[in-house]
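The values are calculated or read from the model by the stated rules, or taken from the named source; none is laboratory data. Being a predicted model, the structure only gives us computed values, none of them experimental. Note that we place each Cβ from the backbone using ideal geometry, even for glycine, and neighbour counts take in every protein chain shown.
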Amino acid sequence: MATDIGFFKKVHQVAAKIPYGRVTSYGALAKYLGSPKSARMVGWAMNASHNNPDVSAHRVVNRLGLLSGKHHFGGTNLMQQLLESEGVVVEENQIQNFKKYFWDPQKEL
DNA sequence: ATTCTGACGTGGG
DNA sequence: CCCCACGCCAGAA
């Protein structure tokens, strides 16, 4: 049923709305979904989002702006390249001016 | 069925 | 400042 939306699906739907050139954190998404302590699941959901072309998992990083999930992007610096191609500055696997690029679903959605 | 692990975050010592 | 433990849910062995 379409009403059977689980945590993963919710994550996918929100993640799919992350604007171009913006990033957010797993915790922020989790919090928006009503489970601030389920940040891990958000990351897990990203793993499942490989089937969802609408979900850009590379725009989701941990709360420090670290590309913690880059190892799941083909195993190379693909994630960083994608971000940089969107105008996001990434250095040492960490997003610079993270706060500036940060997209808060609670605030902007 | 049980156990462990995993793209995290917060809190306590 | 650093280290450890807990919570959360799903999937794999």
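Before moving on, here are some points about what is shown:
- The number of residues in segment A:49-80 that are part of a helix (DSSP H, G or I) and surrounded by 15 or more Cβ atoms within 10 Å (Cβ to Cβ) comes to 8.
Yes/no matrix, rows are residues, columns are (1) crowded, with 17+ Cβ neighbours inside 10 Å; (2) in a helix (DSSP H, G or I); (3) hydroxyl-bearing (Ser, Thr, Tyr); (4) at pLDDT 95 or above:
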position	(1), (2), (3), (4)
A:4	no, no, no, no
A:13	no, yes, no, no
A:21	no, no, no, yes
A:28	yes, yes, no, yes
A:35	no, no, yes, no
A:41	yes, yes, no, no
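- Failed criterion for residue A:84 (all others in (1) more than 7 Å from DNA strand B (Cβ to nearest atom); (2) in contact (Cβ under 8 Å) with a residue 12 or more places away in the chain hold): (2)
- When the criteria are applied in full, residue A:59 fails the requirement of being charged (D, E, K, R), in contact (Cβ under 8 Å) with a residue 60 or more places away in the chain and closer than 18 Å to residue A:96 by Cα.
- Residues of segment A:81-95 that turn out to be part of a loop (DSSP other than H, G, I, E, B), at pLDDT 95 or above and over 11 Å from residue A:22 (Cβ atoms), as a count: 1
- Restricting segment A:31-54 to residues that are under 12 Å from the mean Cα position of the chain (by Cα) and closer than 24 Å to residue A:96 by Cβ, the residue that is nearest to DNA strand C (Cβ to nearest atom) is A:39.
- Under the condition of being under 15 Å from residue A:102 (Cβ atoms) and near DNA strand C (Cβ under 10 Å from one of its atoms), the residues counted in segment A:3-29 number 2.
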